[in-house]
């Protein structure tokens, strides 16, 4: 082995104690040793490292503490960058100080990740571990960006001379791809058809349009996907026109076809073009019911996801399920690479799903269904940057095909409680958000929010109720003018014109439908606890509010022209711990209220079905007399267990309900620990027409809301096709296609100069953002919009040898993370790639180099699989820090080998490359044997 002595005197000594050829490799012969000694003695710069420095990796060598003991030492730790430890304070230069601080921080974060991936670690605490980890990782990122360095350039992410967005702004897809049918080939007969169905395809170019009748009885062969698409195309081709040369050609270019959407699964598709609009309508339709729910399998690793179930044949005693689909956030920036099998083939793993809950749904005039809820994952091109969960809004066609999805863009935590559709098919959602959602937000804390989107998913406006008080918006209604009526609860004063009663109060506001500005408001409450839980519009245009006040269910009628004027009230009684779910008015003006009650003796008129004990759902019918409200009947719905009603809709003399039970409902079968259910109640008599308890698997299920479609089911939905005008044309700007919001920003700095703020404005595209970056950095940055596979992306590169620092915006308004970009240092290509691994530490006048830790701010520990991957990435980053440390010390042996290589022109001789590799291998083996090798022969 080699021994080197170094001290603070002006000389350094070298002693060859022993030489083991087996250890260093056959290449290290006597001639190399001679050259090495000569290189040390004649080095142009004296190597002085001062007193021996114990590196963090040296100090950790041989540690035999268990993983549990290591994590216990970190439990509750929030400050991971610690500059006051002994091995950080003893360092003599900036580079070492930064490396040691980073190594300690990342080593501690690796312990957290290792603990999270352990099989014995409860899944229930992963969220807490992930929060701790992400907090520490953010500190590492901030420290790298701000650290003062001398010979090193450190990057949090990969060592690349550019920065590129990980999200695209999408592109219009004019093709219609239906949902997969229950066939295994194009030529298999489509099940569920009588062969006599008729539907219409309307094609419209803007100047001409035609209705094309598709009569399945005219297909002479078995009805398969192939024969059906061929028949439809024949009808389209038969419509002709004369071209400019007088030749007869097809009037329309859209064509039907068959697509294999996944292995062995086939669907109808329309190959459309931008100049033609396609509208599909069926000759015969029937009502349908969309029920949102949830499902969570048994097991500690299971994840709760939302479901959307479509029921048809509603007039029968047992309705038919048309489809049941899962709604769940996924990982858009899935940093875990795909695995491969033994043959090297890529294994397609199922998408990683994250906790998602659906809370409300509604159907628009075209038969599309909107679902709103909360998720911990990403949706579409929307990156979830919330600390816990964000609000999602999803639009699906009548066959269950997703048209678009949006995230609210909350940075802390958000929940959604309701949504409504206005007369123009705009959708309005409401809930609660913690943190800044709009730039005008001043006070911190939990606020109500209301957001309005058009049918293409473009946000029209957002109102955040910025008060000192804690408040939330629970329910929405749209009046005849298109204004939005909101009710919710508030702990404190709504504004300077209202008075807080104490505890929680009810609030009611009217927002202008066009701009979201408050037009009227009122606050209702006494010294107890009052909650505004549901709102609807009465038949005379006034406002009906259902509230829970000191545990009692109260229905109030408010003057639409003056919300402070109460016109009528009705006390339904004490819910004894229950709550109100919804309120609705039918076409005849009758009022229906539903919820959960532990009290079987509510003041709800005649009892049409008795209370079963414990918690039961209830449905009460009231008559609105204008200046008073009277009760007609109450129907209790329950089992011997606990039962809750969550959703209500009234149509055509029937009341439809959705809920959750942990028991067995009358005539039904219990499947899981909890089950969802739907019910149909006669609106006149209050008796049940049917009851459907959802099952099919064990675990935890529930139904949260439901939406009715008068023409929701037809031959089209049986064929997996949408109904109405198919319009998937969207605005492809940053606001719409990402979770970034107007006012979000990031900073750019050139060559260490002042930071320039790059702020997102309404309707900005990546081209607009690139222009702003160019203007802020003059000739030193090349920022362009490029077109990727999924639409426009943003790319930023250095020019003219400049060093560019890209820094995140503050907190909720950081635009970078929402665009899939990392705060980073962009170096010119020649600097990034000038010093390769083989040359590090070989030039005493140019020590150090550029090192990328290949970390991502999106790293988290939400699942054990994720934790395992992240642990490996942290381990690689720790190795990079050690290499960076070695690069700070001159390595004469390595330098001499490279010097010999340079004597030869052109390609480096293989024997010299082999020497270099063997030398590095020898050093690694020394490190493995001694446990304290610092990466260089000098200390």
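Between the range 402-437 and the range 167-226, the alpha-carbon centres lie 33 Å apart.
Under the classification rounded if a/c is under 1.5, otherwise prolate if a/b is larger than b/c and oblate if not, where does the range 740-826 fall, given a ≥ b ≥ c as square roots of the Cα gyration tensor eigenvalues?
On the way: a/c = 1.67, a/b = 1.18, b/c = 1.41.
Oblate is the answer for the range 740-826, as a/c is 1.5 or above yet b/c matches or exceeds a/b.
With R₀ set to 56 Å, the beta-carbon distance separating residue 240 from residue 313 gives a calculated FRET efficiency near 0.85.
Could you tell me the center-to-center distance, by alpha carbons, between the range 617-637 and the range 772-828 in angstrom? That distance is 60 Å. With contacts taken as Cα pairs under 8 Å and at least 6 residues apart, the range 575-698 reaches a relative contact order of 19 percent. Between the alpha-carbon centres of the range 566-599 and the range 98-139 there is a gap of 49 Å. If you sort the three axes of the alpha carbon gyration tensor as a ≥ b ≥ c, you get a/c of 1.5 or more for the range 176-282 and a/b above b/c, which makes it prolate. With contacts taken as Cα pairs under 8 Å and at least 6 residues apart, the chain reaches a relative contact order of 14 percent. In this structure, residue 630 and residue 729 have a Cβ-Cβ separation that, at R0 = 60 Å, corresponds to a calculated FRET efficiency of about 0.75. The label point for residue 778 and the one for residue 68, both projected 7 Å from the Cα toward the Cβ, are 6.2 nm apart. Each peptide in 870-881, 816-827 receives the mean, over its residues, of other Cβ atoms within 10 Å, and ordering these scores from highest gives 816-827, 870-881. Gain on full extension, evaluated as 0.36 nm per residue between residue 751 and residue 273 minus their Cα-Cα distance, stands at 167.3 nm.
What is the range 176-282's relative contact order, in percent, from Cα pairs under 8 angstrom and six or more apart in sequence?
Values: 192 pairs, mean separation 37.8, N = 107.
Relative contact order here is 35 percent.
In this simple spin-label model, placing a label point 7 Å from the Cα along the Cα-to-Cβ direction at both residue 682 and residue 75 gives a separation of 6.2 nm. From the square roots a ≥ b ≥ c of the eigenvalues of the alpha-carbon gyration tensor of the range 585-714, which class results: rounded (a/c under 1.5), prolate (a/b over b/c), or oblate? Judged from the Cα gyration tensor, the range 585-714 comes out oblate (a/c at least 1.5, b/c at or above a/b). Summary of packing: across the peptides 593-602, 150-159, the per-residue average of other C-beta atoms within 10 Å ranks them, highest first, as 593-602, 150-159. Residues 189, 773, ranked from the fewest to the most other C-beta atoms within 10 Å, line up as 189, 773. Taken over the range 687-836, the convex hull of the Cα atoms encloses 263 Å³ per residue. Extending 7 Å from Cα along the Cβ direction at residue 151 and again at residue 517 yields two label points whose distance is 6.4 nm.
Counted residue by residue at 0.36 nm each, then reduced by the alpha carbon distance between them, the extension gain from residue 297 to residue 233 reaches 18.6 nm. In the chain, helical runs assigned H by DSSP with n ≥ 4 each contribute -39500 (n - 2.57); averaged across all residues and rounded to the nearest 500, the mean residue ellipticity at 222 nm is -5500 deg cm²/dmol. Provide the FRET efficiency to the nearest 0.05 for the residue 207-residue 260 pair, computing r from the beta carbons and using R0 = 35 Å. E between residue 207 and residue 260, to the nearest 0.05, is 0.50. A simple packing score, the average count of other Cβ atoms within 10 Å per residue, orders the peptides 517-525, 575-583 as 575-583, 517-525, with the highest score first.
We did not get these values from a lab; they are worked out from the coordinates using the rules stated. If you're wondering where the values come from, they're calculated on a predicted model, not measured in any experiment. Cβ: placed from backbone, ideal geometry, glycine included. Neighbour counts: every protein chain shown.
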